[in-house]
Structure formats: C-alpha cells, structure tokens
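Just so you know, all these numbers are worked out from the coordinates, no wet-lab data involved. For clarity, every value in this text was computed on a predicted model and none was experimentally measured. Heads up, the Cβs are rebuilt from the backbone with ideal geometry, glycines too, and the neighbour counts pull from every protein chain shown.
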Amino acid sequence: MNEMKAPPSVAAELMAPDEFEAAIRAVGTERYHDKHVFHKLLHGGKLNKGQVQAWALNRYCYQEAVPRKDAAFMSRVHDRDLRREWISRIHDHDGLGEEPGGIERWLILTDGLGLDRKYVTSRQGALPATRHIVESYVRFVREQPLVVAVASSLSELFAPSIHRERIAGMLENYDFISDGVMAYFKRRLTQAPRDSEFALAYVKANARTREEQEACVDAVRFKCDVLWAQLDVLNHAYVTPGLIPPGAFVPASL
C-alpha cells in the first residue's frame, strides 16, 4: 500500500509593504503606553508633585539608555550610510556642539521639579525594576538582527500624539510645571517623525522574508512592553498599592 506523503511545507507569503506597515502600526493601537492608567493620571493632573517627581526621575533611566543602545547598534553596522544616518539619534540625546541634547533638556525638567541633578544622574533613586527594564532594551538592540533592532525603535511612530497630550495636559493641570521645562517634548515633536520615517522605510526594505517581517512586528511589541512596564512599576510603587522598594526615591508627599 502506498503511503500518502505530506506536501512540502510552504513558507508563508511575504506581506505586501502596506500590509506590513499596517501590522506595525496596529501594535501601537493595541498596546502603546498612552493607554496606561499611570499615563492617564499623569496627563490628567491626578498626580501630586512627588509622584510626578518619581516619574521624571525614573524616566531619566530610559532617556540615558537611549544613546547607549544607539551606540551599541552602530558598533555592529558596516554600512557607512546607515551609520551616518543613525548617529543623529545620539546627537539628539547627548547633544553636539552648542546643541545641548535631549538628556540635558530632561534634566531641566527634573531641575524644575526640585530634584537634585546629581541624584537623578546617579540613578540611585530609580526603582530596581526600572533599571532592569531599560537595560533589557539595550540588550535587545545589541543582540538582535539589525533589521529587528531598527524595528524596535518604531514606537516613535506613535510618540508625537503622546508628546502633544503631555505638553498640553501637564501645563494645564500642574502649577509646578512651566513651559520652559517641557522643552524635551517640544523638540521630540519634530525629531521622532524624522527618525521613525527613516526606520520604517529601512525595515520595509530590509525585512525580506515573512519570518523577518513578523520578527520586526514582535520587536515593536517588545518596545511597547518596555514602555508599558516602566509605568507598571511606577504605578505599583507610587500610586497603588504604593509599595516603594528599599533604596528607591521617597517623595516628600504621596
């Protein structure tokens, strides 16, 4: 009796460029951190100054990690044109020449909130989970294939709307927030679209198999999880149930 042989497996078809982009953008609709309860509390004026301080101090860990992950990425890139394009991201955060950079603008925010700059930059008061979360992002970009590492930056596609909401909401709702300390977010309104436009084009051109495309979509999910998890631990420590771990920043009021 002749046995029926299974047909050879057929690789999944490559997504069309528009379908691939739609799959990436759908991640933001599903899980970008503008939907997080802590985000809504922050922008809605429902937090006190100590809780806003805790957010800014912990978020510094992420800001400080971004140029390090970009440097780690560039160390693996042999394409000179890609390095020339990508290096602007480091300049955006670390500054170049007379341009102070995004980290300095973030420190202007923490200065304005009354936090000691050396304490902020030491990261000693940050939640332990925050430090582990942001380092997971640096490791991801260092270890994943280049096209997947680039895709992890595509949460920037969804950033301008959250920055606009943050600027308006915090200026309207907190008397301890001034227009000058919101400079970081104002600058990102132009930087993030520029960066995400390049990264999206690169990913669409260089994810050449269905498996690579799906890995890129998963990378966007991973990055959104990184942003979401940072708010999870902030909410747990400083809102509900309010369990601040040993050594972490303790606001004057909660």
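Any chance you could tell me what percent of the C-alpha pair distances in segment 135-174 go past 12 Å? Above the 12 Å cut-off, segment 135-174 has 66 percent of its Cα pairs.
Positive end of the dipole of the chain (Cβ unit charges, origin at the Cα centre): among Met170, Thr240, Ser153, the Cα lying farthest that way belongs to Thr240. Of all lysines in the structure, the ones whose alpha carbon falls short of 23 Å from that of Lys69, not counting any fewer than 8 places away in one chain, are Lys118, Lys186, Lys204, Lys223. Taking one quarter of the surface of the C-alpha convex hull of segment 1-143 gives a mean projected area of 15.4 nm². Which residues among segment 179-197 fall inside the zone where the amide N is under 20 Å from a point 7 Å beyond the Cα of Arg117, along Cα→Cβ? 179-187, by backbone N distance to the label point. Treating each Cα of segment 152-254 as an identical point scatterer and ignoring solvent, apply the Debye formula and state log10 I(q)/I(0) at q = 0.16, 0.22, 0.23 Å⁻¹. Calculated log10 I(q)/I(0) at the listed q: -0.91, -1.17, -1.20.
What does the C-alpha gyration tensor say about the overall shape of segment 106-210? Classify as rounded when a/c is under 1.5, otherwise prolate if a/b is larger than b/c, or oblate. Here segment 106-210 falls in the oblate category.
The Cα-based radius of gyration of the chain, divided by its Kirkwood radius, gives an Rg/Rh of 1.04. Contact order for segment 80-142, expressed relative to its length and based on alpha carbon pairs under 8 Å spaced 6+ residues apart, stands at 13 percent. A simple spin-label model places the labels of His132 and Asp232 1.1 nm from each other, with each point 7 Å out along Cα-to-Cβ. Here the 3J(HN,Hα) profile of segment 45-51, calculated from phi with Karplus coefficients 6.51, -1.76 and 1.60 at θ = phi - 60°, is x, 9, 9, 8, 4, x, 5 Hz, Gly and Pro shown as x. Taken about its Cα centre, segment 140-254 carries a charge dipole of about 280 debye when Lys and Arg each add +1 at the Cβ and Asp and Glu each add -1 at the Cβ. Cα axis of helix 159-173 to longest principal axis of the chain: angle in degrees, 0 to 90, nearest 10? On a 0 to 90 degree scale, this one is about 20. Over the chain, Cα pairs under 8 Å with separation of 6+ residues give a relative contact order of 33 percent. Computed about its Cα centre, the charge dipole of segment 15-136 is approximately 600 debye, with only Lys, Arg, Asp and Glu carrying charge at their Cβ.
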